[in-house]
Every structure is written in C-alpha cells, then in structure tokens.
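**Q** So that we are looking at the same thing, I have put the structure below in structure tokens.
The numbers here are math on the coordinates, done by the rules we state, and not lab data. Treat the numbers as computed from the prediction; the structure is a model and nothing was measured. Quick reminder, even Gly has a Cβ in these numbers, built from the backbone with ideal geometry, and neighbours come from all protein chains shown.
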Amino acid sequence: MLRFIPVIFLLAFLSVSCKPSDIASGSSLEQTHDTLVSNQSDIDLQDLAREKEQRLATYKGSRERKFDLIHTSLDLRFDYDSQWVIGQAELKLKPYFYDQKVLELDAKDFDIHHVWLEGEAGAETLKTSYDQQVVTIYFPQPFSAKDTLTIGMTYTAKPNINSGRGSQAIMDNKGLYFINPHQKENKPVQIWTQGETEHNSKWFPTIDSPNERATQDIKLTVEDRYLTVSNGVLTDQVLNEDGARTDHWVLDLPHAPYLAAVVVGEFAEVKDTVDNIPLRYIVEREYEQGAKKVFQHTPEMVRFFSERLGVEFPWPNYDQIVVRDFVSGAMENTTASIFMEALNLDEREAIDSEWDYIIAHELFHQWFGNLVTLESWANLPLNEAFADYSEYLWMEHKEGRDKADMHHTVSKENYFSEAGSKQVDMIRYYHEDGEDMFDHHSYAKGGRVLHMLRKYLGDEAFYASLNYYLTTHAFASVEIHDLRLAFEKVTGKDLNWFFDQWFLASGHPVLDMHFDYSQPDNIVLTVKQQQDLTTAPLYKLPFKVSWYKGEERHEAEFVLNQLTQQFVLENGPGTDWVVFDEALELLAERQTYYGRGHFEKQVASAHFGIARYEALDSLSNNYPYDERMQAVLKAALEDPFSSVRQLAMAKIQANLDSIELSATEEERILTLAEEDPENIVRSAAIELLNRIDKDKYAPLFLRLVNDSSYYVAGAALAAYLENENNPNREALVDRFLDNNSIYLLVPIADYLTVNADVGREDWFHRQLSSLGGESLYYFIGYYGDYFARMGDLDHGPAVAHLYELAKNHYASYIRLAAFQALFGFIDEEGVLAKVREIHAAERDEGVKEYQRFFLESYIEED
Ligand SMILES: [Zn+2]
C-alpha cells in the first residue's frame, strides 16, 4: 500500500503535531528515609509491573493457525441502493495440526443467512453463533488435519456499518466501497475494495490474517455495461437471462486474504504485454490516451525487477486500475493494483506525469508482500521497506542516480520529521492496531535501511540474497529473521548487529564530526555519536569518506563502533577537500563544520549530484549574497543535475535585489526556459524571467502558454496574467477557462480574484464540483478567497459548499483545506458555529488537532 498526502499538508501538519516526548518523571528514590525508600521501591515496582502488563496486552504476534484455508469461492451481486453485497461463499479448509470442533471465520457486519457443510449426503446445516465480527461454526464432530472440509455460507455484507476508523495509510475501513451508487453525484459509478490490513472480511467470510493464503475464484454478477476486475484471470463471461452478466475470475496460486480485490465500473482498458505476461491499464474512458503514457514504463519495470531479483514476475497477469475516491495512494492487490484518481491524466497532463515511483512501488509488492508475505503486521517493513526502496531502484535505473538520491533524501526527511515526535522499533510486536504500522518508520526508514545494507554488502550480494529469500519463501509467510538469515546464508557474514540496531531498535545515529587538517597529507576525522543512548543503540556504522585532488576522486571505507572515534585518512599530498558520506547514504543526523570554501568546492566538483545540491543549499542558506555567492549560483545554472539548476534559480529569484545578472547570464536563463529537458526547470526559469523583466518577456510568456507541458504553460500564463501592462488578459482568461489542468486553473482563479472579476461565481462552483484529489486541494483556497473578496455577493452557497467538503469529504486533507477556507467568512453570521460543529464531528485525530490549532489561533486573535 502507498499512502498519499500532498506535501504542503504534510509540512503544515507536522509543524503542529510535534508533542513534547513523554519522558517519565524522575523517581523519588532520592528520599533519604530508609522506610520511605523501601515503600517507594514497592510502588515503583508495582508501577513497573503495571506498565509491563499493559505492554503485554498490546502484544501482536502472528495469528495461531487452527485451520489452513485452501480455496475460497465467491459468488457476488451488489445492491447499489442499500450498498450491500449479496454473497454466497464456499470455503475449502482443513485443520492445521490439532483436531478442531469449531471454526471461527472473520465476517464483519454481515447478515448471515445460512451456513452448511458439504458432505457426501449433501449439505448439512451447521449451528453458528455470531457477534457481528466473527462467526463461530460448530461441527457435529471433531475433524483432524487429514480431513478437508467445504463450508458454504449465504450472507449479506453491509460494509458501511461501523465504518469511519481510518489510519495514517488509509482513510476508512469499509473494505468495499460504493462510489456514487445513487448516481446523484458528478462522478462515475464504481465499486472497489481495499483489504489491507484486515478489511476484506467486510465483504467475504475468511480467516483475515496475513499468514493465511489460499487460491480463489470469484463470480461477479453486474450490469452488462460494467467492466469487472479481480485477482487472476477472467476465465469466462456469461450473459444471463435478466440481461446481467456474470464474470468468473480465477487465481490458482495462493495469496493472503488481504490481497483479494474487486473493481466494477465503466472503464477503458489499454492492453500491453511483457514477456508473455498480459498487462492492462484500466481507467475512465476519457483518460485512455493518458493511461498509455502514465503506465508506459510498466513492461520495462517488470523486466527490470525480474532481472535484478532473478525471479520472474510471479503471477499470470497484471492489471493497474485507477478509481475514484480511493482511500489510500495505491494498493498492491495480487495481479490488480488499484490507484488513486490522481493518476487519471489526460494525454497532455501525462507528459509531466511523475507517478513512476508509485507504479514501481505497487509492482515490487507483487514479489515483496504478495509472493512472500509478512506473517503479522508487526513485520510490515518486510512489505513496505522493499516497496519503498523499489522507488529508488527504478529511478536509479531509469532517470539516473542523482534523481534517485534526491528521492532518497526527501524520504529521509520524512522519517526525521516523524522521528521528532515518535521513535519506535521498526519491527513492533507491541502496537494497538495493525494500521498503526503504516508510518514513515515502516516505509521511509525501512527503505533507507535497505539502501545502507545494499551499500554495505555490494549489489551482487544484495540481489543474490534477495533471490534466495524470495525463492526459499515463495508462497509462504516470513518474519524479519528470515530476511537476516537469507542475507547471512548467501554472504557468509554475520548481520545480527545490523538487523538488531536497525530493525529491532528505535532511533538513528546523531553524529558530530570534525576534520583536523593540521597534517594536510594525513587528515584526521573525529566522529562522536550523540544520540540518546537510553533509547537508541550505540551504532556500528560502516561509512565512507571521499577526498578530491583536483578532478581525481578517492574514497575509503571505515567502521564507526565507539562513542567517540578517530580515523586517519592517509589521504596523501595534494588533497583539495574531503567529505564524509558524500552520497548521503547513511540514515543519520549530522553536525559538521565544513566552511564556505569547502561548500564552494563541493558545489563545483562533487561526483554526486545530491552532494552538489546539499552544498549549494547549505551555502545559499548560510552566507551573504556577495559576488562570491553570485558566481557559485550562476555557475550552478549549468549543473547537469536538474535539481541543482532549479535550486540555483530559486535562490537567484529570492535575492534578485542584490544580484547583478549580465546579458549572458540572462540569456542562459532564457535558454533554460525554452530548452531545458526538464519541464519543471523550464517553469522555474519562466518565473525567474518574470521577476527579471516582466515586460520584456511578455511576448515569450504569451507564446509559451501554448506549450505542450502544463508546467510550462501554467507558469507562462501566471506570468502573463500577473502583469497589468499586458493587453488582452481577459481574452486569455476566457480562452483557458474550460481547461481542466490545475496548472492553468490556478493562474486563472488568481486573476479573477485579484481583479475582483464579477460574475465568475458559476465558474468557481463548477470547478469546485468537478476537481478531485490534489487539484481540488489547491483550488479550495482560491475558491474561498474569491468569494471572501466579493463583498457584494451572497456568500451562502460558497459557505455551504465548503461546509459540505469540510464535514463530509472522504479525504482528510480536503476536509482540512475546506475547514481553513471557511475562516475567510468567519465573521459572518453562523459560520463560527458551523466551524465548531465540523470540529466536533471530525473523527480523524490528526485533522482534529490541526483544526484545534486553527480555532485556537482565531479565538486568541479575537
Ligand atoms: Zn506499499
């Protein structure tokens, strides 16, 4: 699974969510009176025991396997009016080891009509009891592990009952979702499912646990206009007498229950293939051409991962489906990954698609998660660390190491942000709910730990070990030790220390470093570990130091394994500069004083793009914008790494008052705007040219509003509309009014708001109701601003729309954006009451906290 939250929301949220850590207050043992000391010790001991009892109560091991589920057959119809699933299930299973007289199946919020046992003499009705979560089925006599039983059940599943409990990773727990079931909303009618963690038992009876696995076949009866997707292969389709159609999907390789999925809706399918594996990209019809671009690298990805791992794609086929209102970023159901609607792009939007990482993530899960599956949610990094790291592997292969390293650095920052308020073991047997595992520890930290492991062992050893792990545990459940044992078996190395400190402990290294240059041919590096040793390990940390003699690069490897340690580099004569962990491979906070001269050399000559980026960032944040700085920034416009060019332009733009640009330098920026291979760099160059001379470049902007890239066209449109001297702005606005790219809509909304353009309220309402996902998130602010600024307008409808979104939208970041926008009307009658009502009704604790922050700051100002 991949969660998705727009970056802006994340940053804003993290800044208010940091709580002081709960450090236990010092005990009272310092009291001098002997009896007091002993009483106090008793109390302390009781407290300690209670604490340990509480901890034990949250222990989440793997579920005991009383039965082995062998096969699940489902026959499903859907009641759109009531949003129910009308189901018949047949489960083939056998006792796992011990004799069993009772079978417990997960079946959440069902009406169970009939349960029977298939026998030679026909079906025998079984006695059951049911608490709305688990149905207990009583057999007439005990069965042994030699017996194979077939249990039948007819039921009605009501997924909307008891919904609303989400997590960081998914926004709800219905398991199965009806989208626009009554056809009253401006979106297609769809059904889709989200099983992870244990939500598939909301729509079929099963042993809903990741250490279970079974083959399956699913019959779906739907209106003939709908396409269906499920796991495995569509073996036949039958048109029934009533006009409905029954599709039969078969997966004859076993997988865990949480990976089962169903999608129903009106879709177009783009067919593709790789090495005899059929691939489909399934999207709403209007995005068919876009899907060909968005998913175009899938065949190359399948081949790349298969070759690296030495394990063929494990399943018969692979579908990728984009649905509406998805509760997460994406989900890796076996052979049928489901994606959020942000991947619905038209052909032109798809030019700048940046979704390869999410496509790689779900694809890699088909090996790590689906072929080899965690035995319990406590081991979630065995799924998510790999999927997260696959994003790096793909980017490195396709776009080069620099871009992959940038992605790696952003992930590191995500983890560090989370670590500011929460540091837990990666493998956590003690947690409240499986959903709690879906955090930046399991993903970002996990991916970074795998990166360090790969860099420590080397590529050949890394991939050989993964091959051994996947082939040894194919179609089986694993825990973290299986991964360590695979690496140890293949490499012959002990890796207990590595797994202990990274997977089974909390925290990360905090390093203080100092270079002593007093003997320039033999520089001495002193490293101190400064993390809190009461909660984090003292690390054994293999690391690299590199130094440059002119163009010549040298590198040496060392191992830190003390609190404070000195390393003699033996670098020899002619060393210009030296740097610790140049490629930023280590997951560590670092404090170093390098100095201005060092950073300048690093920007100019570091081998790794990420090292040049980091140095430019440090330099431009810490030193004056004098001639020296300007020379560095101007030179960085030529850097081969696009992020460095982009950063240089951002810094020049922010400090334009103190920067003198020559004609040649301005010409260089113009070239970047026209010709840079990265559209995001071109748009940054357009913004900069707009600041340099908005009138001179107006004709350029007017030409570039027609660029095929929305990044470029959007930046050009914004630049042109912003300048009051430009003619025909209103006509330009009218020309792009019906465009549906957020990159063009934002400058238009901004223009209409700034110019208080009357009579545009219908346009704002229309956009608000048709946009979704991230685009809607960005648009809401402009929507609120427009109406708040138009004092003469009736604000009623705008407030009502924002209220509806803030209270009822499925996505927490949309609810929050709408909540914020309502503050533009807060002094109007009844709005404060509405805002309070929304706050009281909000069920997501994270959103509630952020709302509280807003409300409080308003009330304080008041
Ligand atoms: Zn994932």
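**Q** Ranking MET513, MET331, MET153, MET790 by Cβ neighbours within 10 Å, fewest first, what do you get?
**A** Numbers: MET513 17, MET331 26, MET153 23, MET790 20.
The fewest-first ordering by Cβ neighbours comes to MET513, MET790, MET153, MET331.
**Q** Please enumerate, by chain and number, the aspartates and glutamates with C-alpha under 12 Å from the C-alpha of LYS694, excluding those fewer than 8 residues away in the same chain.
**A** Candidates past the 8-residue exclusion: GLU722, GLU724.
**Q** Give me the lysines in straight-line cross-link reach of LYS219: C-alpha distance below 18 Å, same-chain residues under 8 apart excluded.
**A** Straight-line reach from LYS219, under 18 Å: LYS92, LYS202.
**Q** Let me ask something else. Which pairs break 20 Å Cα to Cα here: LYS184/LYS834; LYS292/LYS403; LYS455/LYS540; LYS271/LYS292; LYS66/LYS101; LYS528/LYS549? Before the final figure, lay out each step's value.
**A** Values: LYS184/LYS834 25 Å; LYS292/LYS403 23 Å; LYS455/LYS540 15 Å; LYS271/LYS292 9 Å; LYS66/LYS101 11 Å; LYS528/LYS549 27 Å.
Listed pairs above 20 Å: LYS184/LYS834; LYS292/LYS403; LYS528/LYS549.
**Q** Any chance you could get the radius of gyration and Dmax over the Cα atoms of segment 454-498, in Å?
**A** In order Rg, Dmax, the Cα atoms of segment 454-498 give 10.1, 29 Å.
**Q** Along the positive direction of the dipole of the chain (beta-carbon charges: Lys, Arg +1; Asp, Glu -1; about the Cα centre), which of PHE178, PHE110, TYR59 reaches farthest?
**A** Looking along the dipole axis, the top candidate is TYR59.
**Q** With n ≥ 4 as the cut-off for DSSP H runs, can you work out [θ] at 222 nm for the chain, using -39500 (n - 2.57) per run divided by the number of residues, rounded to the nearest 500? Don't skip to the answer; put the middle values down first.
**A** Working: 27 runs with 341 residues, N = 862.
Helix-only estimate at 222 nm: -12500 deg cm²/dmol.
**Q** Another one. Between SER82 and SER421, what's the calculated FRET efficiency when r is the beta-carbon distance and R0 is 51 Å? Round to 0.05. Before the final figure, lay out each step's value.
**A** Details: r = 42 Å, r/R0 = 0.83.
Efficiency, rounded to the nearest 0.05: 0.75.
**Q** So for the chain, what are the equivalent ellipsoid semi-axes in whole Å, largest first, each being the square root of 5 times an eigenvalue of the Cα gyration tensor?
**A** Values: eigenvalues 417, 298, 166 Å².
Largest first, the chain gives 46, 39, 29 Å.
**Q** List the extent of the Cα atoms of segment 544-598 along each of their three principal axes, largest first, rounded to whole Å.
**A** 32, 24, 18
**Q** Also, quick follow-up: In terms of the ratio Rg/(2.2 N^0.38 Å) built on C-alpha atoms, what value belongs to segment 468-529?
**A** Numbers: Rg = 18.8 Å, N = 62, 2.2 N^0.38 = 10.6 Å.
Working it through for segment 468-529, the quotient is 1.78.
**Q** Output the Cα-based Rg and Dmax of segment 575-681 in Å, rounding Rg to one decimal and Dmax to a whole number.
**A** 14.2, 43
**Q** Moving to a separate point now. Please get the size of the charge dipole for segment 499-637, origin at its Cα centre, with Cβ charges of +1 on Lys and Arg and -1 on Asp and Glu, quoted in debye to the nearest 20. The partial results should precede the final answer.
**A** Working: 11 positive and 20 negative charges, 30 e Å.
Dipole of segment 499-637, to the nearest 20 debye: 140 debye.
**Q** Filter the chain for me: DSSP H helices, axial length by Cα at least 30 angstrom, mean Kyte-Doolittle hydropathy not below 1.6. List them by residue number. Kindly include the intermediate steps, with their values, before the conclusion.
**A** Values: long enough: 34-57 (34 Å, -0.95).
Within the chain not a single helix satisfies the rule.
**Q** Quick one: if you stick a label point 7 Å off each Cα along the C-beta vector at ASP762 and GLU286, how many nm between them?
**A** 1.8 nm
**Q** Dipole of the chain (Lys/Arg Cβ +1, Asp/Glu Cβ -1, origin at the Cα centre): which of GLY784, PRO140, ALA583 lies farthest to the positive side?
**A** About the Cα centre, the residue reaching furthest to the positive side is PRO140.
**Q** Quick one: grab the alpha carbon gyration tensor of segment 349-400, order the square roots of its eigenvalues as a ≥ b ≥ c, and give me rounded if a/c is under 1.5, else prolate or oblate depending on whether a/b is larger than b/c.
**A** Here segment 349-400 falls in the prolate category.
**Q** Compute the length gained on full extension between THR471 and ASP626: take 0.36 nm times their separation in residues and subtract their Cα-Cα distance, giving the result in nm to one decimal. Before the final figure, lay out the partial values.
**A** Values: separation 155, 0.36 × 155 = 55.80 nm, distance 5.92 nm.
Length difference between fully extended and current span is 49.9 nm.
**Q** Under 1.5 on a/c is rounded, so check that first for segment 326-476, then, if it is not, pick prolate when a/b is larger than b/c and oblate when it is not; a ≥ b ≥ c are the square roots of the alpha carbon gyration tensor eigenvalues. Before the final figure, lay out each step's value.
**A** Details: a/c = 1.26, a/b = 1.19, b/c = 1.06.
Rounded.
**Q** Looking at segment 677-808, what % of the alpha carbon pairs are farther apart than 25 Å? Please list the in-between numbers first.
**A** Working: 2417 of 8646 pairs.
Summing the P(r) tail past 25 Å for segment 677-808 gives 28 percent.
**Q** Still on this structure: Using Cα positions and a limit of under 17 Å, work out the aspartates and glutamates in reach of LYS807, with same-chain residues fewer than 8 apart set aside.
**A** Once the sequence-local aspartates and glutamates are set aside, what remains near LYS807 is ASP172, GLU185, ASP325, GLU837, GLU842, ASP844, GLU845, GLU849.
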